[in-house]
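The values are calculated or read from the model by the stated rules, or taken from the named source; none is laboratory data. Because the structure is a prediction, the values reported are computed rather than measured. All Cβ positions, even for glycine, are placed from backbone atoms using ideal geometry, and neighbour counts span all protein chains on display. Heads up: the accessible areas ignore ligands, DNA and RNA and are worked out on the full protein's heavy atoms, side chains in. Shrake-Rupley method; radii C 1.70, N 1.55, O 1.52, S 1.80 Å.
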Amino acid sequence: MTRSESKYFVTATKMDEAFLRLLEKKDISYITVKEICETAGVNRSTFYRYFSDKYTLRDEIVDNIVQDFAEHMEVDFLHMNIEDEVHTRSLQDGLIRLSSQKCRLEILWNQNLLGRNVFDEMINAGARKVEAEILNHPTISAERKQLADWYAKLLVNNYLVTVRWWFSHSDTVSASQITTMMKRHMLYGTIPTLKESH
């Protein structure tokens, strides 16, 4: 990383964090560039060197989160079985990675007036990756592959809805526990796991 790239990274990170701190308190429509600069400890000319307005800053933050989710989302769970520890570990690592971004994600997911639906964008980005894996999976039938987009959206939606629930219960449900819950749900479905006796 060059010195100018390093300087950009540090400055952009300050502005990202400032924007998110402000967004935690109020809707984007009430946030000003002046407030972002004051909170980040940068001047307005520095802000405008990198962003044309608060919406381009928002877009950079959202685009990075969605891209990071899609890039790091493991699709190996399609090969998982109940005894499989490798794919289970991979699933847990993905959950831990999302947990490390919990504050940022919760702020963005809970913003109704952000102008971007971050939760849906993450579902769509992850579903594209899962759909490609389904279409290339050697043991999934051609008939099921015709519905690959539906299965992909269903799987990623369930995954992220579970992550969102876990974030609000992470003080009582560990990463290991939620991984086990997700694994059983993925392998056996909602109603069979609900009715399990153990």
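A few comments on the model shown:
- Options 160, 187, 154: the member that is without any contact (Cβ under 8 Å) to a residue 60 or more places away in the chain and open to solvent by 50 Å² or more (accessible area, probe 1.4 Å): 154
Conditions (1) under 23 Å from residue 187 (Cα atoms); (2) among the polar types (S, T, N, Q); (3) more than 10 Å from the chain's Cα centre (by Cα), marked per residue:
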{"position": "89", "(1), (2), (3)": "yes, no, yes"}
{"position": "102", "(1), (2), (3)": "no, no, no"}
{"position": "110", "(1), (2), (3)": "no, yes, yes"}
{"position": "114", "(1), (2), (3)": "no, no, yes"}
{"position": "124", "(1), (2), (3)": "yes, yes, yes"}
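- Some residue of region 26-41 being in contact (Cβ under 8 Å) with a residue 60 or more places away in the chain, farther than 30 Å from residue 94 by Cα and surrounded by fewer than 18 Cβ atoms within 10 Å (Cβ to Cβ): yes
- Which listed residue is open to solvent by 70 Å² or more (accessible area, probe 1.4 Å), within 28 Å of residue 59 (Cβ to Cβ) and assigned to a helix (DSSP H, G or I), from 97, 104: 97
- Search result, residues across region 80-102 that are without any contact (Cβ under 8 Å) to a residue 24 or more places away in the chain and of a type outside the set (Lys, Arg): 83, 84, 85, 86, 87, 90, 93, 94, 100
- Within region 115-130, the set of residues being part of a helix (DSSP H, G or I), charged (D, E, K, R) and either within 20 Å of residue 61 (Cα to Cα) or open to solvent by less than 60 Å² (accessible area, probe 1.4 Å) (or both) comprises 120, 121.
- Enumeration of residues in region 175-184 that are farther than 16 Å from residue 101 by Cα and surrounded by fewer than 18 Cβ atoms within 10 Å (Cβ to Cβ): 176, 177, 180, 181, 184
- Single residue of region 134-151 satisfying the filter (of a type in the set (Val, Ile, Thr) and surrounded by 13 or more Cβ atoms within 10 Å (Cβ to Cβ)) that is nearest to the chain's Cα centre (by Cα): 134
- Identity of the residue in region 163-172, open to solvent by less than 70 Å² (accessible area, probe 1.4 Å) and among the hydrophobic types (A, V, I, L, M, F, W, C), that ends up nearest to residue 102 (Cα to Cα): 167
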